[in-house]
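Notes for the one structure printed next.
What follows draws every value from the coordinates through simple rules; no lab data is involved. Bear in mind the structure is a predicted one, so any value in this text is a computation, not a measurement. For neighbour counting, all protein chains shown are included, and Cβ atoms are generated from backbone atoms with ideal geometry for every residue, glycine included.
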Amino acid sequence: MSTAPGPLDRWYETAGVRGGVRRMFHAEAEQGRVFFPDALVPHLAHPEVKALAPERVREISVRHLYQFLHSTTHLETRVVNGAAEPVANGNSGLHFPTALRMDAFKVYCDEGYHALYSLDLADQVAAVTGIAVPDVDYGGFVTALQDTGRRLLPEDPVLAGQLQAVVFETLITAVLNEVPQDPTVVSTVRELMRDHAKDEGRHHRFFSAFFLELWARLDGRRRVLAARALPAMIRAALDWDLEPVRVSLRLAGLDEERIGAVLADCYGGSAGVDRIQTISRSTLRLCAQVGAFDLPGVTDAFAAHGLRAPEDSDV
């Protein structure tokens, strides 16, 4: 890593796990607010959902918050910490300096705390609102992301895990920064997302620098394989996990035919492709910075997943 000041140099003073407060949900102070921005829940705009009673729509919004929070616990512990641990313990197969290994341990501590307070808030909201957390696998898309790595880099599982963490950590900040700015959202949710975003902003910078260090240590063959795998990982990290959505709509009273129509209209075809390009802008710039798009077959691999190299206007 560079000898310039690093994003985690003041971790002992600034990390949420070191000095943060436990965010508590109090329903009486949140009347009239939503639990997740309506604009970030595509199915809320569908006519079948809008026709439901207001209390059913509110329940769908709450269950979407549950999906976000529980998915976060899976991502932080299974993807990011799964990649940070071998780097921190010196078992990645590549030599990294001690300072970088200690930063990886700092990330590991942060992510465990993020998982804890995400689960904590979901449990608080369920207890106060009486809207149960559905019994559904919120880690399905993490399994899909890991399967993508195993399929594309079958002989290089540690590298696959590191790339998955780089992708996720350079994507999530864009999502986390949207929610705290929305005054229609429950304040506790906004505060928790703001706490998370502060840590993840530092993680974004760490993993961006880590990616450059990682790339410099890869030979030409591994660079090509890694670059070709990245677009599928980006899509796997951003594609919607529809099973929790399906369960939520079923609990709201929609039958299977109407659920199928909602999912097809809101998530089928090219729905969300422009948003994926926007959210992945930082990740794509990072790929361009190391010359990934200049390697054979890489531009086509990105195009096959609806992604393109960043233009000057994207920088």
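Structural remarks
- The shape of region 165-297 comes out oblate: with a ≥ b ≥ c from the C-alpha gyration tensor, a/c is at least 1.5 while a/b does not beat b/c.
- Applying 0.36 nm per residue to the separation of E213 and C109 and subtracting their alpha-carbon distance, the gain on full extension is 35.3 nm.
- Peptides 276-287, 160-171, ordered by how many other C-beta atoms sit within 10 Å of their residues on average, highest first, read 160-171, 276-287.
- Order by protection proxy (mean Cβ within 10 Å, highest first), peptides 227-236, 50-59: 227-236, 50-59
- Euclidean distance of C-alpha centroids, region 195-234 and region 104-119, integer Å: 19 Å
- Computed over the chain, relative contact order equals 23 percent, with contacts defined as Cα pairs under 8 Å that lie 6+ residues apart.
- Gap separating the Cα centres of region 4-18 and region 21-56, nearest whole Å: 34 Å
- Judged by the mean number of other Cβ atoms found within 10 Å, the most tightly packed of the peptides 78-88, 97-107 leads the ranking 78-88, 97-107.
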